[in-house]
1. Below 27 Å, Cα to Cα, which lysines can K285 reach? Residues fewer than 8 away in the same chain don't count.
2. Could you report the accessible area of H174 in Å², rounded to 10, computed with a 1.4 Å probe on the protein chains as they sit in the structure?
3. Determine the dipole magnitude for region 112-276: charges of +1 sit on the beta-carbon of Lys and Arg, -1 on that of Asp and Glu, nothing else is charged, the reference point is the Cα centre, and the result goes in debye to the nearest 20.
4. Would you tell me the accessible area of R85, worked out with a 1.4 angstrom probe on the heavy atoms of the protein chains, in Å² to the nearest 10?
5. With each run of n ≥ 4 DSSP H residues scored as -39500 (n - 2.57), what mean residue ellipticity at 222 nm is computed for the chain after dividing by its residue count and rounding to the nearest 500 deg cm²/dmol?
6. How much accessible area per residue does region 163-308 have, in Å², with a 1.4 Å probe?
7. When the dipole is taken about the Cα centre of the chain, and only Lys, Arg (+1) and Asp, Glu (-1) are charged at their Cβ, what size is it in debye, to the nearest 20?
8. Within region 112-276, what whole-number % of the accessible surface is contributed by carbon and sulfur, with the 1.4 Å probe and all protein chains included in the calculation?
Amino acid sequence: MSFLKISVSALAISTVAASAAFARDNIQAAGSSTVLPYATIVAEAFGENFDFATPVVESGGTGGGIKRFCEGTGPTTADIANASRPIRDKELADCAANGVTDVMEVRIGYDGIVFASDINGAEFAFTPSQWFNALAAEVVVDGKLVPNTRKSWKEVDASLPDQPILAFVPGTKHGTREVFEEKVLHAGCKATGAEDLFKAAKGDAKACTLLRTDGVSVDIDGDYTETLARVAANKNGIGIFGLSFYENNTDKLRVATIDGVMPSTETIATGTYPVSRPLYFYVKKAHIGVIPGLQEFVEFFVSDDMAGPEGPLAQYGLVSDPELAATQAAVAAQDVLKK
C-alpha cells in the first residue's frame, strides 16, 4: 500500500528514543472483527510510511478485545481495543481495577449490519418483526407467549420465500451481536407487541433477545469469513455481516433490504438504513510515549488521508464520520473518557 509516503517527524524520533529500552517495539491491537479490516489497512500503511514497526492487529471480537485491553498495563497487554459498540461501564470498571485508568475513545466512522444469503438464492425483504418472529425463543400466538417452532420463512410471513429458517448469527462476544439484538430483535419484539407480554410475564423485556436453541439459529464465534463459509456450505442459510465485508464479497452474496431500504454507504450516511452503528477503538493512554509510535498511529488512523470520505477506509466500505475533525482534535489532546 504505497498511496502515501510520510517522513518521520521529530515527535516520532523522540518517541523512539524514549522507548528504546521498552520490551516491545510494536503496537498491539485486538478486538472487533468488523473493525479488523480497517485497522489492518491503517497498520500496513503506517508500517510503510513511518519509521516504526507495523502494528500487530488481531481479532477476537469486541468483548474479547476489551477484556485483553483491560488486563493491565505493560508490554504483555494490548495497547488498543477495537470495538463495534461503545465500551460498557462494567468494562471500564474492570479496566480501572487492573490499573487501566485513562482510556481514550476514538470513533472512526460508521458501518451497517446486513443480512445476506447465497448469490444464487432467493431474494429477501425483511423487517425487524420478521427476524424476531423467526429467531426468538418465544413468540406471541393468540395473545400468549409460546415456544417458537416455525420452520420456514413463509411461516413467519406469507410474503417471504418458502425456505427453511437457518441463520448464522455472530456469537455473544461480538459487538455485532449486541447491535443485532438491540436494533433488530428488540425492535421487532416491540413492534409485534411482544415486549409488553415479556415484561408482564418475566419482569423485563430482556427475554425478547433470547434466541432459539433448536438449530435454526447458529452462533458464529469466528469472524465474517467463517460466516461466509457457512453460507457457502448451506445454501438456505442467511448470514449477518458488516456492510463493508458484504461489499467486498458481492460476487458470493445477495443482500436483503430492511424495512424496504437497501444497505449502502449512502443509506447509512443519511440514517435511512435502520441497522447501523458507530465503530470505535480504545487506547491505553499510559502506553503513549512508551510504546513506540502509538500516538502517531492513532492520529494517522483518524487522519483525512485514512478515515476521510476519499480515503482508503471509505473505499473499503467505512462511512466517514461527519464529525471527524472533532475526533482528530480529541486525539491530538489525548482526551480520555470521564469517570
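The values are calculated or read from the model by the stated rules, or taken from the named source; none is laboratory data. On a predicted model such as this, the values are computed, not experimentally measured, just so you know. In this analysis, Cβ positions are derived from the backbone assuming ideal geometry, glycine residues included, and neighbour counts consider all displayed protein chains. Surface areas here come from the heavy atoms of the whole protein model, side chains and all, with no ligands, DNA or RNA. Shrake-Rupley method; radii C 1.70, N 1.55, O 1.52, S 1.80 Å.
1. Qualifying lysines at Cα under 27 Å: K5, K67, K90, K173, K338, K339.
2. Here the accessible area works out near 10 Å².
3. It works out to roughly 280 debye.
4. Surface open to solvent at R85 totals about 20 Å².
5. The helix-only estimate for the chain comes to -9000 deg cm²/dmol at 222 nm.
6. 38
7. My answer is approximately 880 debye.
8. That share works out to 50 percent.
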